[in-house]
1. Report every pair of residues separated by at least 6 positions or lying on different chains whose Cβ atoms are under 8 Å apart, first residue within the range 28-46 and farther than 10 Å from Ser111 by Cβ, second in a loop (DSSP other than H, G, I, E, B).
2. So which residues in the range 208-225 are of a type in the set (Val, Ile, Thr) and either closer than 30 Å to Thr121 by Cα or modelled with pLDDT of 65 or more (or both), if there are any at all?
3. Does the range 40-79 hold any residues that are closer than 18 Å to Asp15 by Cβ and in a strand (DSSP E or B), and which are they?
4. Only residues that are assigned to a helix (DSSP H, G or I), without any contact (Cβ under 8 Å) to a residue 60 or more places away in the chain and within 22 Å of Val148 (Cβ to Cβ): list them for the range 186-202, please.
5. Can you say whether Ala52 is modelled with pLDDT of 95 or more, under 15 Å from Arg66 (Cβ atoms), small (Gly, Ala, Ser) and outside the structural domain of Ala108 (by TED's automatic domain parsing), as far as the supplied structure shows?
6. Where in the range 97-159 are there strands (runs of 3 or more DSSP E), lying wholly inside it, with at least 3 residues that are in contact with a helix residue (DSSP H, G or I) (Cβ under 7 Å, 6 or more places away or on another chain) and in the same structural domain as Ile202 (by TED's automatic domain parsing)?
7. Any chance you could count how many residues in the range 80-96 are in contact with a helix residue (DSSP H, G or I) (Cβ under 6 Å, 6 or more places away or on another chain) and either in a loop (DSSP other than H, G, I, E, B) or farther than 23 Å from Ser212 by Cβ (or both)?
Amino acid sequence: MRSYHDACGMAHALDLVGERWALLVVRELVLGPKRYTDLRADLPGISTTVLAHRLDELEQTGVVRRRRLAPPAGSTVYELTDWGQELEPVIRQLGRWGARSPTRRRDAHLSAAGLVLSLRTNYQPDGSDGFAATIELRLGEDRFTATVRDGQLAVVRGGADEPDAVIEGAPGVLAGVLCGGRCLREAILANDLSVRGDSSAIRRFLSQFSLSEPVSGPPPPIDSPEKTPPRRLPRE
């Protein structure tokens, strides 16, 4: 592993998780253990070789551990250590900062873990009292239960026993409705999103999230003065 050879704690943190893809691997494990194949599917831009290297490095530094599930599953999963789990607020704050970038691509891939962490980060209750709801989120093969109560939001992995409502769709589609300005009705009519249950609870739930305004865009490049082409001397 490369090192900055710097005694600053931030520099050492970057020694540990600053390699390309490392923090995204951590992000995918914040909500619970995953198999190698699950990580590969949720990070479609990473190669198998790089993913294997990042997992090995994170394991060697004590951020991630490998565990074999008991029979009949018997598969190997990767999970964050208690110390590795402490990175969640760092990832969420970094996400909040990056979301304000004027150059962020809003149509790029978004994993279920990325969406759930965005929910935890951007929850802003409207201030009115009495709203309580349990919403099941079905994001591809992933199931999450979002509970709003007393102005607090909790989102955990797994389905709900008796949810007030169910929202089903791709993470990127739901993100577009939550914070991207897409109309819920339009997403439903386009069959990109499906909902069932208490419609008022759904709309109230979706209204509880907002992103900070992007910063102003980068200044336009300064045009370099046109260069005068060299004069060609006439041939004698």
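The values are calculated or read from the model by the stated rules, or taken from the named source; none is laboratory data. In this text the structure is predicted, and so the values were computed from the model without any measurement. Positions of Cβ are generated from backbone atoms using ideal geometry, with glycine treated the same way; all protein chains shown enter the neighbour counts.
1. Listed pairs, sorted by first residue: Val30/Leu87; Arg35/Ser75; Arg40/Ile46; Gly45/His109; Ile46/Trp21.
2. Residue satisfying the conditions is Val215 alone.
3. Val64
4. Residues satisfying the conditions are Ala187, Ile188, Ser199, Ser200.
5. yes
6. The strands (runs of 3 or more DSSP E) meeting that bar are 133-139, 142-149.
7. Going through the range 80-96 one residue at a time, the tally reaches 2.
Conditions tested, residue by residue: (1) farther than 21 Å from Ala112 by Cβ; (2) of a type in the set (A, V, I, L, M).
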site: Asp38; (1), (2): no, no
site: Leu58; (1), (2): no, yes
site: Leu69; (1), (2): no, yes
site: Val77; (1), (2): no, yes
site: Asp82; (1), (2): yes, no
